[in-house]
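One structure is given below, encoded as structure tokens.
The values are calculated or read from the model by the stated rules, or taken from the named source; none is laboratory data. All values derive from a computational prediction rather than experimental measurement. Counting neighbours? That spans all protein chains shown, and the Cβs are built from the backbone with ideal geometry, glycine included.
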Amino acid sequence: MQTNVDITLRVNGAAVSRRVEARMNLVDFLREELGLTGSHVGCEHGVCGACTVRVDGRIARGCLMVAAQADGAEVWTIEGLSDTGELRALKDAFVERNALQCGYCTPGMLLTAAELLERRPDAGRAEIRRFLSGNYCRCTGYEAIVDAVEMARGR
Amino acid sequence: MTDLVADRWILDRPNSYIGRSVPRPNAPRLAEGRGTFVDDVELGRRTGHAAFVRSPHAHARIRSIDTEAARAAPGVIAVVTGRELAEIHDPWVGVLTHLEGLKSAPQYALPLDTATWQGEAVAAVVAESRAKAEDAAELVAIDWEVRPAVTDPATALDPDTTVIHESLGDNLAWRRNANFGDVEAAYAEADHVIEETFVFARHTGVCVEPRAILADFNPAEEQLTVWHNTQCPHMIQNILATHYRLDEHRVRVIARDVGGSFGIKVHTYADEIATAGLSILLKRPVKFVADRMESFVSDIHARDHRVRGTIAVRNDGAILAFEIDALTGIGPYSMYPRTSGIEANQIVNLMGGPYVFDHYRAQATVVFQNKNMMCQYRAVGHPIKCAVTEGLVDSAARATGLDPAELRRRNLRADDSYPCRSAQGLPFENLSHQESLAKLLEAMDYEALKAERDALRERGVHRGIGLASFIEVTNPSAMFYGVGGARISAQDGATMRLDARGNVFVATGATEQGQGMEAVISQVAATAVGVPPERLRIVTGDTDHTPYGGGTWASRAAGIGGEAVAQAGRALRQQILRAAAAMLQEEAANLDLRGGVVVDAATGAERIGLDEIGRICYYRPDTLPDGFQAELVATRHYVPRKYPFAFTNGAQASYLEVDVETGFITLIDHWCVEDCGTVINPLLVDEQIRGGIVQGLGGALFEECVYDRDGQMLNANMADYLVPMAAELPDMKCGHVESPTAESDLGAKGAGEAGTCGAPAAVMNALNDALAPLGAKPLTDMPFTPRKVLRALGRI
Ligand code: FES
Ligand code: FES
């Protein structure tokens, strides 16, 4: 069994090459190998969405992909998308509306919300709720998050 | 009880930030993924990663542990058993003297010879990475002698049931009886005596960030530093020092960002204590981060109550008596140091709280069982006492034919009757039940909503309206834990310091887990001193750098931590004004500090800026008058003394629809009117309420730790344990009444648990309102799953 794999990918716009264990998942790779600790681990079995990152333009669960699958991919995390300013309207709305409390779910929530606004710019509240239903938040009760997504859309 | 008169100076300060929805200073950092949670902290390559071997059995003796294969596995640093770890620490016992008779057995970081629940950590593996530690943990071979598991609280005390801790004699942890007035006489006088049995499933906190600890022992200076996502750094400091026989100042606890806690992260978890011990043994940093599966079987569970409740009511609606008989199973030990008796105790103390009645009898029985440990989780006991009380009140409404709102109106304590005492003798300082209910009914347009519900019923749409009034314990004094011998601080401190550029550092013993503490602290500090919040730096969660305090629990951080900041801020302002007066050759009394500038108190004319005061005091003190020493640091502490708690109150309502074909419940609307005294930040309070409501809804509708008869938890993962997600929730409308406590100048009470307290009761009553016309018996067994609904309807 091959235990290590060489991978080359782009993370937040920069080329990265590493030798990783074949079983290492993408979010552990980002956190432990690259120090990108903004992507969080909440369940490691694909339910909570805390590990959401963007892979080749679409959100993906960093705990359900092994890093080796990201070979050749373009990966963006909360850190990179914050630096480019792409998430600014959403982030500002989240802060203003207090749509984050502990903030542990928030990076994943923001990436999911960004995809929602891109793919369904006219989504109503019920559709926003449905789209965010793969992202677990224990703190907010979600209403503020839905509000913040609506606020960000108008900006 | 004392009639208190508060000095509300802080509410009268110019440029006040109290009552404003200022944004949280720490929110942008978290939103950019630049927080520092425990697992984000790296101490370099010598860090060992711990994985625990957990018991697959609910109750089993360890005949032997063979660690040889695990020790030889790649990357393994050490494999440690309970006996090895026991050499360096002392066990603990989770009892408090004010819960008289509560008993528990000594608990070690890893058990010496017997595992008492499925999921209990019994051996530790430390390796170069968590993955390698997990690989090696699978190689630890344990020879188990399986013992019968005690799982059903109802039979835990039977003579032929296995006794979990032989040294205790039986499986009874605690029993409390209370008797006020004459319940039997009340039953004789009543027109209706109604009994119902209510069941509350076990559920758990499911913080998105799991429990985590990174311990670093430096043997050269005997210094243990731990990064820990605890709510109570000073409590953990004391516990680690006590049980590892260290001096307290040799333990530093740092709690940076915490990914939700809700009471889950306020306890002494054996695996976390073990991690600190591993660092001491191995003389290197050791990190443990629970994964989700182990969180489900090791984070405390809560509720798990069966309560037989009785209400006695007259035909005119007057409530004469309540009675309860409550039974709960708390796992194999009482949790340390808060104990696992508090949830039952709260229920006994708080039953019927909003209402005037004279006769009350209660029994609470707390038994040991071979399931994961239970302890305090958000709104401890409140959702239970509220649902039992409010469920019985609705039963009384059905029996008397009175409208549920009217029955409440007739029995709720009058708003002008304070101070007064509850039937159990607890003092209420200042509550607003009648006004809160009136506001709630107005917000929901109660009469119109009833008409809508009735019209829809005609068309075969089954909707229900449910009400719930409640009281809640906040701002606990030392009467909560300290009096029983727990080394848990009820007081909190704040230190404030002016820096050389005129900015203010605020160090507080209160802690932040997302509820918005830093914002609240900054608003109070800015107002008390007289500076804009941008000039503040807030420091929390570090036992080396903050005043001694209790942290965050029982909705205390704003009311107690906030008051300490108010007092420290006022003291610092006065000290600054004395320095300014010395510089300006002016009377300090003629000066004030507003917006970061010292002004003439009468005219508001600018006299001198804070940056200039800082500059002179720190760099040119030689220019100050002879004999004048500027002191630009102030520390104050605060603890409530007159009342054991600041009770808050409120009312909630739920409007929902039941699909009688599928049993599915759709939540349509939810309202909460709540009185937490002075509202420091309306936005934060409302979001505390909303988040709390949703946690209550989770317990009422979805969440349950399902165990089989052998004590195996069957749904210990997030796919099978259901938590509320965005799509199934309604928008929630919040309103407020403000009855400030006169015990503090700020007047703030807690707001963190009100939502969780009342939501299950409101939903239960709404559900039964929807089902009643269909001839279903009231459903009182949470969570209300579709299957239970269909069963109540006789469809399955
Ligand atoms: S950590 Fe990936 S979905 Fe929960
Ligand atoms: S803000 Fe805490 S989990 Fe969402």
Some residue of segment B:17-24 being among the hydroxyl-bearing types (Ser, Thr, Tyr) and closer than 30 Å to A:Ala114 by Cα: yes
Residue match in segment B:702-717 (condition: without any contact (Cβ under 8 Å) to a residue 60 or more places away in the chain, within 26 Å of B:Ala290 (Cβ to Cβ) and either assigned to a strand (DSSP E or B) or within 10 Å of chain A (Cβ to nearest Cβ) (or both)): no
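For segment B:590-603, enumerate the residues that are in contact (Cβ under 8 Å) with a residue 40 or more places away in the chain and surrounded by fewer than 20 Cβ atoms within 10 Å (Cβ to Cβ). Please lay out each step first, then the result.
Filtering segment B:590-603 for residues in contact (Cβ under 8 Å) with a residue 40 or more places away in the chain gives B:592-596.
Residues satisfying the conditions are B:Arg594, B:Gly595, B:Gly596.
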Residue among B:Glu442, B:Glu429 that is crowded, with 20+ Cβ neighbours inside 10 Å, out of contact with any strand residue (DSSP E or B) (no Cβ under 6 Å at 6 or more places or on another chain) and not polar (S, T, N, Q): B:Glu429
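Is it true that B:Gly698 is at the interface with another protein chain (Cβ under 10 Å from one of its Cβ atoms) and buried (at least 19 other Cβ atoms within 10 Å of the Cβ)? Explain how you work it out, then say what you get.
Numbers: at the interface with another protein chain (Cβ under 10 Å from one of its Cβ atoms): yes; buried (at least 19 other Cβ atoms within 10 Å of the Cβ): yes.
For B:Gly698, the condition - at the interface with another protein chain (Cβ under 10 Å from one of its Cβ atoms) and buried (at least 19 other Cβ atoms within 10 Å of the Cβ) - is met.
How about segment B:225-273: which of its residues are assigned to a helix (DSSP H, G or I), more than 20 Å from B:Gly82 (Cα to Cα) and among the β-branched types (Val, Ile, Thr)?
Of the residues in segment B:225-273, the ones assigned to a helix (DSSP H, G or I) are B:233-243, B:248-250, B:264-266, B:270-273.
Cutting the leftovers down to more than 20 Å from B:Gly82 (Cα to Cα) gives us B:233-238, B:248-250, B:264-266.
B:Ile236, B:Ile264, B:Val266 - these are the residues of segment B:225-273 that are assigned to a helix (DSSP H, G or I), more than 20 Å from B:Gly82 (Cα to Cα) and among the β-branched types (Val, Ile, Thr).
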Looking only at segment A:12-42, and only at residues there that are within 16 Å of ligand 2 (Cβ to nearest atom) and in contact (Cβ under 8 Å) with a residue 60 or more places away in the chain, the one that is farthest from A:Trp76 (Cα to Cα): A:Gly42
So A:Thr84, is it surrounded by 22 or more Cβ atoms within 10 Å (Cβ to Cβ) and either within 22 Å of B:Arg292 (Cα to Cα) or modelled with pLDDT of 95 or more (or both): no
Tally, over segment B:761-787, of residues that are touching a residue at least 60 places away in the same chain (Cβ under 8 Å) and buried (at least 17 other Cβ atoms within 10 Å of the Cβ): 18
Matching option when the condition is of a type in the set (D, E, K, R) and either away from ligand 2 (no atom under 12 Å from the Cβ) or assigned to a helix (DSSP H, G or I) (or both), among A:Arg129, A:Arg138: A:Arg129
Residue count, segment B:508-537 (criterion: buried (at least 24 other Cβ atoms within 10 Å of the Cβ) and either more than 14 Å from chain A (Cβ to nearest Cβ) or in a helix (DSSP H, G or I) (or both)): 17
Identity of the residue in segment B:226-272, among the aromatic types (Phe, Trp, Tyr) and within 14 Å of chain A (Cβ to nearest Cβ), that ends up surrounded by the most Cβ atoms within 10 Å (Cβ to Cβ): B:Phe262
Near pairs, Cβ below 6 angstrom, 6+ apart or cross-chain, from segment B:61-87 (assigned by TED's automatic domain parsing to the domain that holds B:Val125) to any residue that is aromatic (Phe, Trp, Tyr) and surrounded by 15 or more Cβ atoms within 10 Å (Cβ to Cβ): B:Gly82/B:Tyr108; B:Ala86/B:Tyr108
Filtered residues of segment A:96-116 (kept if more than 8 Å from chain B (Cβ to nearest Cβ), in a helix (DSSP H, G or I) and crowded, with 17+ Cβ neighbours inside 10 Å): A:Gly108, A:Met109, A:Leu111, A:Thr112, A:Ala113, A:Ala114, A:Leu116
Filter result for A:Ala148 (modelled with pLDDT of 95 or more, within 12 Å of another protein chain (Cβ to nearest Cβ) and more than 24 Å from B:Pro25 (Cβ to Cβ)): no
Answer residue from segment A:71-95, given it is at the interface with another protein chain (Cβ under 8 Å from one of its Cβ atoms) and within 15 Å of ligand 2 (Cβ to nearest atom) and is farthest from the chain's Cα centre (by Cα) among those: A:Val95
Residues of segment A:117-145 satisfying the condition of being among the small types (Gly, Ala, Ser) and facing chain B (nearest Cβ under 7 Å): A:Ser133, A:Gly141, A:Ala144
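Grab the strands (runs of 3 or more DSSP E) fully contained in segment B:35-126, keeping just those with 1 or more residues being within 14 Å of another protein chain (Cβ to nearest Cβ) and more than 22 Å from B:Asp170 (Cβ to Cβ). Break it down into steps so the answer makes sense when it comes.
Values: elements: B:48-54, B:60-66, B:76-81.
Strands (runs of 3 or more DSSP E) meeting the threshold: B:48-54.
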Which numbered condition B:Tyr17 fails, given (1) within 14 Å of chain A (Cβ to nearest Cβ); (2) more than 26 Å from the chain's Cα centre (by Cα): (1)
Within segment A:96-126, tally of residues that are free of Cβ contacts under 8 Å to residues at least 40 places away in the same chain and over 12 Å from the mean Cα position of the chain (by Cα): 14
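Which of the strands (runs of 3 or more DSSP E) found entirely inside segment B:604-692 contain at least 1 residues meeting this: over 22 Å from B:Arg13 (Cβ atoms)?
Because the criterion is at least 1 residues that are over 22 Å from B:Arg13 (Cβ atoms), the strands (runs of 3 or more DSSP E) in segment B:604-692 that meet it are B:646-658, B:665-675.
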Candidates A:Ala60, A:Ala68 - the one that is more than 10 Å from every other protein chain (Cβ to nearest Cβ), outside any loop (DSSP other than H, G, I, E, B) and either more than 15 Å from ligand 1 (Cβ to nearest atom) or under 17 Å from B:Arg34 (Cβ atoms) (or both): A:Ala68
Test: residue in segment A:39-49 that is more than 8 Å from chain B (Cβ to nearest Cβ), surrounded by 17 or more Cβ atoms within 10 Å (Cβ to Cβ) and within 10 Å of ligand 1 (Cβ to nearest atom): yes
